[in-house]
Each structure stands twice: as structure tokens, then as C-alpha cells.
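So the structure is just underneath, and the comments pick up after that.
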Amino acid sequence: MAKAERITGTPEPEPGTGADSTAESEGGETVEPEQGTGHRKRRITALLLVALFVYLLDLGSKLLVVAKLEHHEPIQVIGTLLQFTVIRNRGAAFSIGEALTIFLTIIATVVIVVIARIARKLYSLPWAIALGLLLGGAFGNLTDRLFRSPGVFEGAVVDFIAPAHFAVFNLADSGIVCGGILIVILSFRGLDPDGTVHKD
């Protein structure tokens, strides 16, 4: 039978208390244990910092390439193996599903809501990093869909990283893919967002 145990660094609940339990103070007030609350807040802070970093990096790179590179010849970074060229993409990551722009916008919004719900019980730093990568990438491409032409919810995402024999993508796509890969690895290792590890 599989066993689950909390990894080192995650607050261990004492008998009668725990990360999700409450304690009664002398005045009869119900308060959350400080250790559990502080630990979760640090993980949420890490998630938000990673998301903000990815989002600002993506937004800044898109503003730069649109201003300097759109309607110009591609810039060869590594010969023809890697180039920078601006493509307006109405589909998903890597130019998939170009006829589903509104649907993809809804999916991105749902992803953000799901991440927010998971964050309520977040005690794992690796999960905080993974979710931050996903959140930053989702916000990056969602910003394009909301504010770029041809209109709200139908905006084209700016892609500019063009490897040879591969789809053109952006830094938001990279964040989403890296976050997804990290989540798969964490799941295979049996690590949950709340810090428990499942062992066979």
C-alpha cells in the first residue's frame, strides 16, 4: 500500500494541531498556526516572484522585437539554426490551433484560476516554481490575446524565437513548457503541492 509522508521543511502537525487545523488563544479567538501560515506564504511568494519574472521577461522581449524587428529581415543568432523573426500567432503555443483563439483565451483563464486554487495549499518549493512558470507564461500570452489586434479575446500572440525546422515561439511558451515538464517530474516522484511524498 502506498504511504504518504511530508518532506523535510514542511511544517509537521503536532497532535491536535496541523497546517490545516486551528488553535484557540487565551482570549478564545481562533487563529491559524504561525509556522504553517508563514511557510505557505513563503511558497506563494516564490510562486508569484517566478511568475512576475517570466511575465516581465516575456512582455519586455515582445515589446522590443515588435518595435525593432517587425517588418524587418530576421536576425540570425546562430546562422540559420536560430533566428529572431516576428510572427503574429492566433493559435496556441507553437502556432497550434489558429482557429481557436477565443477558446484558447478561456483555457488560459481557467489555468490561472486553477493555479490560484492550488496555491491555497502550497507547501512545496519545486511546485511553487513550476506553477510560477505556468502562471507567468499564461499571463504573458493572455495579455497578447486581450490587448493586441485584431481585438479583445482574439489578439494574436507575438512569437519571435525561430529555431530551424521547428515552430516559432516566445518566452511565455517556454515558461509554460518548462513548468509543465517540471510538474510531470514532480508527479512521477510522488511529490504533491502540499509537500507530501507518496512512496510505494
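Structure above, values below:
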quantity: Total residues in the range 172-192, condition surrounded by 14 or more Cβ atoms within 10 Å (Cβ to Cβ) and part of a loop (DSSP other than H, G, I, E, B); calculated: 2
quantity: Qualifying residue in the range 135-147 (condition: of a type in the set (Lys, Arg), part of a helix (DSSP H, G or I) and free of Cβ contacts under 8 Å to residues at least 24 places away in the same chain); calculated: no
quantity: Filtered residue count, the range 154-189, keeping only those that are without any contact (Cβ under 8 Å) to a residue 60 or more places away in the chain and within 20 Å of the chain's Cα centre (by Cα); calculated: 12
quantity: Test: residue in the range 172-194 that is of a type in the set (Ser, Thr, Tyr), modelled with pLDDT of 90 or more and touching a Lys or Arg at 6+ places or on another chain (Cβ under 7 Å); calculated: no
quantity: Failed item, numbered, when GLU34 is tested on (1) at pLDDT 90 or above; (2) open to solvent by 60 Å² or more (accessible area, probe 1.4 Å); (3) acidic (Asp, Glu); calculated: (1)
quantity: Some residue of the range 141-151 being open to solvent by 40 Å² or more (accessible area, probe 1.4 Å) and more than 26 Å from GLY60 (Cα to Cα); calculated: no
quantity: Residues within the range 119-134 that are part of a helix (DSSP H, G or I), among the small types (Gly, Ala, Ser) and over 10 Å from the mean Cα position of the chain (by Cα), tallied; calculated: 1
quantity: Given (1) modelled with pLDDT of 95 or more; (2) in contact with a strand residue (DSSP E or B) (Cβ under 9 Å, 6 or more places away or on another chain); (3) of a type in the set (Gly, Ala, Ser), index of the condition ALA130 fails; calculated: (2)
quantity: Count of the range 96-118 residues which are open to solvent by less than 40 Å² (accessible area, probe 1.4 Å), assigned to a helix (DSSP H, G or I) and either hydroxyl-bearing (Ser, Thr, Tyr) or modelled with pLDDT under 90 (or both); calculated: 4
quantity: Every residue from the range 152-171 that is assigned to a loop (DSSP other than H, G, I, E, B) and either open to solvent by less than 50 Å² (accessible area, probe 1.4 Å) or modelled with pLDDT of 95 or more (or both); calculated: GLY155, ALA156, ALA164, ALA167, VAL168, ASN170
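The values are calculated or read from the model by the stated rules, or taken from the named source; none is laboratory data. It should be emphasised that the depicted structure is a prediction, and the values quoted were computed from it without experimental measurement. Positions of Cβ are backbone-derived with ideal geometry, glycine not excepted, and every protein chain shown enters the neighbour counts. All accessible areas refer to the heavy atoms of the entire protein, side chains included, with ligands and DNA or RNA removed. Shrake-Rupley method; radii C 1.70, N 1.55, O 1.52, S 1.80 Å.
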